[in-house]
Amino acid sequence: MASRPMTEVATGFTYTEGPRWHEGRLWFVDFYTHSVNAVNADGSIEQVCTVEHQPSGLGWLPDGRMLVVSMKDRKVLRREPDGSLVEHADISEHCHGHANDMVVAANGQAYVGEFGFDLMGGADHEHGVVVLVDTDGTSRVAAEGLSFPNGMCISPDGRTLYVNELFGNRVSRFDIEPDGTLGPRQDFASFGDLGDEPSVEKRLAACTIAPDGQALDAEGAIWIADCVNQRAVRLAEGGTILDEVSTAPLGVFAVALGGDDGRTLFLSVAPDFDEAKRSAAREAKVLSTRVDVPHAGRP
């Protein structure tokens, strides 16, 4: 694994997630300070808003208003021009665990993953769903039977959705239909079917990759935050590893491509994803390094 220079972009947080490059700034959430943050050009960090029930995925509507997932009450919130947060969608009827990451399409439709079970409470693994949220706030299940659907991207032409399955040992892809609904699940990269094994620990032990967040590049490869292996990997369709960045001794839980030329890889890192430990400490960071192929698609 080639050694790369790393830059600390943000430090002193609990558990950073959801990095996005938007309008010349890096945006990210911090779970246990409940904050949505943006990094200014001078390196200072602005707290944009707080989400009482824990923020996760970020995205923007065509008119520029920000959407943010509110995890524990299973909602999508919308930030109005005056800075207030209002309910955009209540997706709780579709969720069996916390709402989680999100990608927003160019037309404003949003795809939101959910845990599928009570991960932090120690429940057995159950498969989860991806929820499609229309621009009017109505919602429906777009895909089901996924093992903890997590990071998501949309191809530049808007016709393909990529979904990381954190406890599924695979990255899935779906054709996006004209109305935003999804076709059947296909493999983008699969390292072995883990079936219906109920133990999260056994599923993780059997995983070649544990794909948390993701970022799509201009050659159609996907950067994966391989959270249990303390690395980010660049995957080609079919599963060939094209590049690798170590974050040891920290785990990496989300990635984004951005910067002025799209060739900065941002990495959300922390010692682990244990809620009790992370909420009691300030050991999480956002790091960055340079890569060769620039960002593509959404987010």
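Residue 214 meets the conditions (1) crowded, with 23+ Cβ neighbours inside 10 Å; (2) within 19 Å of residue 8 (Cα to Cα); (3) out of contact with any Leu (no Cβ under 7 Å at 6 or more places or on another chain) in every case but one. The failed one is (2). Scanning for something open to solvent by 40 Å² or more (accessible area, probe 1.4 Å), within 21 Å of residue 119 (Cα to Cα) and out of contact with any Asp or Glu (no Cβ under 9 Å at 6 or more places or on another chain), does segment 76-86 turn up at least one residue? Among the residues of segment 76-86, not one is open to solvent by 40 Å² or more (accessible area, probe 1.4 Å), within 21 Å of residue 119 (Cα to Cα) and out of contact with any Asp or Glu (no Cβ under 9 Å at 6 or more places or on another chain), which makes the answer no. Here is the figure for segment 18-30: residues that are in contact (Cβ under 8 Å) with a residue 24 or more places away in the chain and either in contact with a helix residue (DSSP H, G or I) (Cβ under 7 Å, 6 or more places away or on another chain) or exposed (fewer than 13 other Cβ atoms within 10 Å of the Cβ) (or both) total 1. The strands (runs of 3 or more DSSP E) falling completely within segment 216-299 that include 1 or more residues that are farther than 17 Å from residue 172 by Cα, among the aromatic types (Phe, Trp, Tyr) and touching a Gly at 6+ places or on another chain (Cβ under 8 Å) map to 251-258, 264-270. All conditions in (1) touching a residue at least 60 places away in the same chain (Cβ under 8 Å); (2) on the phi < 0 side of the Ramachandran plot; (3) not hydroxyl-bearing (Ser, Thr, Tyr) hold for residue 259, with the sole exception of (2). The set of residues in segment 100-141 that are among the small types (Gly, Ala, Ser) and either over 24 Å from residue 167 (Cβ atoms) or open to solvent by 10 Å² or more (accessible area, probe 1.4 Å) (or both) comprises 105, 106, 108, 121, 122, 123, 137, 139. Does segment 40-57 include one or more residues that are under 24 Å from residue 262 (Cβ atoms), in contact with a Pro (Cβ under 9 Å, 6 or more places away or on another chain), modelled with pLDDT of 95 or more and part of a strand (DSSP E or B)? Yes, that holds for at least one residue.
The values are calculated or read from the model by the stated rules, or taken from the named source; none is laboratory data. Source: prediction; values computed, not measured. Positions of Cβ are backbone-derived with ideal geometry, glycine not excepted, and every protein chain shown enters the neighbour counts. The area values use the complete protein model at the heavy-atom level, side chains included, leaving out ligands, DNA and RNA. Shrake-Rupley method; radii C 1.70, N 1.55, O 1.52, S 1.80 Å.
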